[in-house]
1. Quick check on the exposure proxy: order H177, H256, H243 from fewest to most C-beta atoms within 10 angstrom.
2. Around V245, what is the net charge, scoring Lys/Arg as +1 and Asp/Glu as -1 over all other residues with Cβ under 14 Å from its Cβ?
3. Give the percent of DSSP beta bridges with both residues in the chain that are antiparallel, rounded to the nearest 5.
4. Between R208 and K259, what's the calculated FRET efficiency when r is the beta-carbon distance and R0 is 30 Å? Round to 0.05.
5. State, to one decimal in nm, how far the label point of K47 lies from the label point of A35, with both points 7 Å from Cα in the Cβ direction.
6. So for the stretch 125-246, Kirkwood radius off the Cα pairs, Stokes-Einstein at 25 °C and 0.890 mPa s: how many µm² s⁻¹?
7. Got a sec to turn the phi values of the stretch 139-155 into Karplus ³J(HN,Hα) couplings, 6.51 cos²θ - 1.76 cosθ + 1.60 with θ = phi - 60°, whole Hz, x for Gly and Pro?
8. Under the √(5λ) rule applied to the eigenvalues of the Cα gyration tensor, what semi-axes describe the equivalent ellipsoid of the stretch 107-173? Give them in Å, descending.
Amino acid sequence: MNIVAVDVGNTNVAVGLFLDGKEQSIQSLPGAGEAALRDCLLSAWQKIPVLETSIEGKRDGVIVVSSVKPVWTEFVRKVAEEELGEKVHVIGQDIPLPMSAWVDEPKKVGTDRIVSAAAAYDVVEDAVVVADFGTAVTIDLVDANGIFQGGVICPGFEISAQALNDSTAQLPKITVHRPEAPYGKNTADAINCGLYYSIIGAMEEIVRRYAEQLGRWPQTVITGSAAAMIKDDCPFVDNYVPHLVVKGIVLAYMKHIEKQNEMA
């Protein structure tokens, strides 16, 4: 099964190429412009093999998208239809969610949260917490039966840094990085330490409270653009998995095909 999996976030877009279900490449485009995203999509699609039976040179693959930003979804759809002659399959619209969600309004949960949770549970096969560090930070719980229970949403590093700068007279805008010490000797370092350690502390507290609900500690997996920066300061985290959403997109599509084959 050959898939181009596209994870459209609020800030970044990741494009993954999977041939015969195996990961070949995942490219992340920070603040992707249209030209860069178009080139990335076309490049990935050109690596999909052509169907032996196709006179027109049709490729044996699909383009599957999870998106939290509709304007980018429509751009991907436009490129696929106008330049590749392909239909885009959107998680939550054309492709069902890969796991049940026991929340008030399942359709309003970001599909990125559901597919990454499903990908983690597919490996762990037990209760698991998935924390995604992107524009926002989401910390979600899946129970031992593979049911998405919900989670929390916090501002990401960039949002928090911008809010401090916007809401105060003299605090500078900083780019959060791993601190050299737990406290700052100047204003910029103090802000950096505050933002960096506060989200780690919040995650540890949230996971602890999830554990109280479950009656035991769940495995914890982190992903997202900022996860690599904090992982070494999170001894309570079991695994760091880059691009977990992309892997979840592939899982969702494969589950969909399997179910269709069973019904047939």
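1. Least to most surrounded, the residues fall as H177, H256, H243.
2. Neighbourhood net charge equals -3.
3. 60 percent
4. 0.25
5. That separation, rounded to one decimal, is 2.3 nm.
6. 162 µm²/s
7. 10, 10, 10, 10, 7, 5, 8, x, 9, 6, 8, x, x, 10, 10, 10, x
8. 32, 10, 9
Since every read-out is calculated from the coordinates, none of them should be taken as a lab result. Bear in mind that the values here come from a model prediction, so they are computed numbers and not experimental data. Positions of Cβ are generated from backbone atoms using ideal geometry, with glycine treated the same way; all protein chains shown enter the neighbour counts.
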